[in-house]
Amino acid sequence: MIRPQDLASFRTVPAVKAALSRSQFDAFSRQLPLLYVILVVNSVAVAATHVAVAPAWLAIWVPLAMCTACAIRLVVWVRRRNFLASLTDEQVASRLKTTIWLIALLGVIFTGWGLLLFPYGDPYARAHVAFYMSITVIGCIFCLMHMRKAALLLTAIVIVPFSLFFSLTHNAVLVAIAINMLLVAVAMIFVLVTYYRDFANLVGSKHALQAKQAELQRLSDENSRLANLDILTGLPNRRRFLADLDALFETAQAGQARFAVGVIDLDGFKQVNDLYGHGAGDRVLEEVGRRLLDVSGPHIQLARLGGDEFGLLVTDVREPQDLRDIGAAICETLRAPYAWPGATARLSGSLGFAIYPDAGRSPAQLFERADYALYFAKEHRRGGTTIFSAEHEKQIRELGQVEQALRHADLEREMTLHFQPIVDTVREHVVSYEALARWASPTLGDVPPALFIKVAERSDFIHTVTAALLRKVLATMRECDPAVRVAFNLSARDIGSVDAVANITGIVRESGVAPDRLTFEVTETAVIQDFEQAFASLDAFKQLGVHISLDDFGTGYSSLTCIHRLPLDKIKIDRGFLDRIDADPAAQDIVRSIVDLCRSLELTCVAEGVQTEAQASVLRGLGCTVMQGFYFGMPMPFEEQSFAV
């Protein structure tokens, strides 16, 4: 039984309908030669049996014209078959409509010719005509199985006239043939509709599968894109950057080409987050991404490596000056103000480059060298560009040697403490001492504190060094006058680690020394690296009873709001403001402002780095009376201290 839904199976969504039309067109294109061969062969056979009995125009010229038309259509198809795959969906639909009407026209012509030929000849010739019409239409219908409309139309055009014509002959044999042909046609229609339904379902299923595969591929591509993309800036992320670096390294290695790896870090970005919130920080990073794209060229690949750090891959590097020019353009564009509703911020960017093959022989080594060049730029030329050089290579080796010696050092035996007095110049007495570390390595000799502290911080060995030195300080304090107070320096890593804070607190408690005799000094830069964690750490020390001093004030980017929130007791003015304070009015104005700030916040103001009487005199005139420096005493072991104003 033919179901209504089978007859409506062609009414599908446009995409599936287009896929069905193309599948019909492709299938029919393969059957087309067979269709024309059936028409031509059968027509020639019938014409040959009627040449002697039918008029020449009917037995020769008409079939010749029909066969010629079929041959022409076949030749056209052969020439066009290589271009069929390039047809658009609209062109396919148009050709299908044309084919349907052409099939109908051929059906009318061949059926009419057969019926006109029937009266001529003996019964055998007439039977041949009936056989020709029936077998030809069956063959053509099978060739049109994929085109239901054309097949049904051809069946109606041929079978209806055929059945009526032979039924009206009143010849029992011919009437039986007509009835038989009609029944066969009904069966063929059933087969045709069933086959077409299955064909349409198969095409629909194939299209759905292809659509699903396309969707899965799209999702896979999107996942791959997201896995290699920084969502905030739209730039490639660290994963993609390292993959591109590996690929570029292999290409350069094969072709002996030069390229450079660059790392950019924003100076002052942390303060934007602290002052204006992370939403403002995100807007700044988006703007940084846009600015970097604006100054990049065809030989520069950009990426966001994480946080406020960006990466560059620069190809076709001929001279180091090329990189300096790129770095200068990048640093210049990053220095422009960043504005959003209600606020404006100014940042700078430091940039480090490493050139292949000069700076490294592997992707990892190149990236490390670029990172070191960035570190050097931030330390010595903040807001500028540094290209990794042989001098940096030497420094890395030296730092490596210091790190190895530090890790294998007997800290208890090799490290000692020197103390420098902090003086109240009005009362003319020492109010406390600052403990300063000294390291005499058996392999390296005396290592400057600035060097081994930096190495310890970079290698995360600082917590071990801090603990060892703090125990030494507390041991000294236990042995001396209980009135002696000591200031001890903590690094950014110390106050940035919850575990380190807990360990330091435990050491102080176990020492038996009164916590209020101890002052922990932290730098302004250390505090602003992670203000919330720094506040929590300093608050924990404050709860313990330790005093807190903010060291090197004026060198960082902290705001008055941040200073006000911190549990401070002292602020130490950075020695950089004192170098020419006796002759520099600007420096005097800055120090006066800091002194007034401390007075307003009820904090002790300490000037460090005082080396001359002139400096001390100016500071006293500005209201700063607590001082530290070579003018008052050199750092030396505690037992050698003998201070007198």
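The values are calculated or read from the model by the stated rules, or taken from the named source; none is laboratory data. Keep in mind it's a predicted model, so treat the numbers as computed, not measured. Positions of Cβ are generated from backbone atoms using ideal geometry, with glycine treated the same way; all protein chains shown enter the neighbour counts.
Among what's in the stretch 47-77 and is of a type in the set (Phe, Trp, Tyr) and farther than 16 Å from Ile103 by Cα, pick the residue that is surrounded by the most Cβ atoms within 10 Å (Cβ to Cβ). Selected residue: Trp61. Out of curiosity, is Val76 touching a helix residue (DSSP H, G or I) at 6+ places or on another chain (Cβ under 9 Å) and either at pLDDT 80 or above or among the aliphatic types (A, V, I, L, M) (or both)? In short, no.
Residue-level check: of (1) in contact with a Pro (Cβ under 6 Å, 6 or more places away or on another chain); (2) hydroxyl-bearing (Ser, Thr, Tyr); (3) part of a helix (DSSP H, G or I), Tyr375 misses just (1).
So that you can scan it fast, the table gives a plain yes or no per residue for (1) surrounded by 14 or more Cβ atoms within 10 Å (Cβ to Cβ); (2) touching a helix residue (DSSP H, G or I) at 6+ places or on another chain (Cβ under 7 Å):
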{"position": "Val295", "(1), (2)": "yes, yes"}
{"position": "Ala303", "(1), (2)": "yes, yes"}
{"position": "Asp325", "(1), (2)": "no, no"}
{"position": "Cys331", "(1), (2)": "yes, no"}
{"position": "Leu334", "(1), (2)": "yes, yes"}
{"position": "Ala343", "(1), (2)": "no, yes"}
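Between Gln543, Gln533, Gln588, Gln529, which is more than 46 Å from the chain's Cα centre (by Cα) and either surrounded by fewer than 19 Cβ atoms within 10 Å (Cβ to Cβ) or of a type in the set (A, V, I, L, M) (or both)?
Gln588
Close contacts from the stretch 203-227, counting a first residue that is not assigned by TED's automatic domain parsing to the domain that holds His146 and a second that is surrounded by 11 or more Cβ atoms within 10 Å (Cβ to Cβ), with Cβ to Cβ under 7 Å and a gap of 6+ residues or different chains, come to Ala227/Arg239. Candidates Arg407, Arg346: the one that is in contact with a Gly (Cβ under 8 Å, 6 or more places away or on another chain) and of a type in the set (Lys, Arg) is Arg346. All of Ser29, Ser43 fail the test of being at pLDDT below 85 and in the same structural domain as Asp198 (by TED's automatic domain parsing), apart from Ser29.
Just checking: which of the strands (runs of 3 or more DSSP E) contained wholly in the stretch 394-479 hold 1 or more residues that are of a type in the set (Phe, Trp, Tyr)?
Once the strands (runs of 3 or more DSSP E) in the stretch 394-479 are filtered for at least 1 residues that are of a type in the set (Phe, Trp, Tyr), what remains is 415-424, 429-441.
Restrict the check to the stretch 266-285 and report whether at least one residue is outside any helix (DSSP H, G or I), crowded, with 18+ Cβ neighbours inside 10 Å and free of Cβ contacts under 8 Å to residues at least 24 places away in the same chain. No. Scanning the stretch 198-240 for residues that are touching a Gly at 6+ places or on another chain (Cβ under 6 Å) and outside any helix (DSSP H, G or I), we see that the one that is nearest to Gly307 (Cα to Cα) is Thr233.
If you go through the stretch 304-357 and keep only what is touching a residue at least 60 places away in the same chain (Cβ under 8 Å), farther than 27 Å from Tyr276 by Cβ and outside any helix (DSSP H, G or I), you end up with Leu313, Thr315, Arg318, Gly352, Phe353, Ala354, Ile355, Tyr356, Pro357.
Only one residue in Glu602, Glu640 is of a type in the set (D, E, K, R), over 24 Å from Gln271 (Cβ atoms), surrounded by fewer than 13 Cβ atoms within 10 Å (Cβ to Cβ) and modelled with pLDDT under 90, so which one is that?
Glu640
Picking from residues in the stretch 521-560 that are in a helix (DSSP H, G or I) and within 30 Å of Gly621 (Cβ to Cβ), the one that is modelled with the lowest pLDDT is Leu560. Figure legend. Inter-residue proximity from the stretch 475-502: first residues more than 28 Å from Val626 (Cα to Cα), second residues among the acidic types (Asp, Glu), beta-carbon distance below 7 Å, spacing 6+ or different chains. Indicated pairs: Arg493/Glu457; Arg493/Asp460; Gly496/Asp530; Ala500/Asp494. Pro123: surrounded by fewer than 17 Cβ atoms within 10 Å (Cβ to Cβ), within 25 Å of Ala45 (Cα to Cα) and at pLDDT below 85, yes or no? For Pro123, the condition - surrounded by fewer than 17 Cβ atoms within 10 Å (Cβ to Cβ), within 25 Å of Ala45 (Cα to Cα) and at pLDDT below 85 - is met. As a summary of the residue check, Ala257 satisfies the conditions (1) in a helix (DSSP H, G or I); (2) of a type in the set (A, V, I, L, M); (3) surrounded by fewer than 20 Cβ atoms within 10 Å (Cβ to Cβ) except for the one numbered (1). Of all residues in the stretch 616-645, those satisfying the criterion of being part of a helix (DSSP H, G or I) and in contact with a strand residue (DSSP E or B) (Cβ under 8 Å, 6 or more places away or on another chain) are Ala616, Leu619, Phe638.
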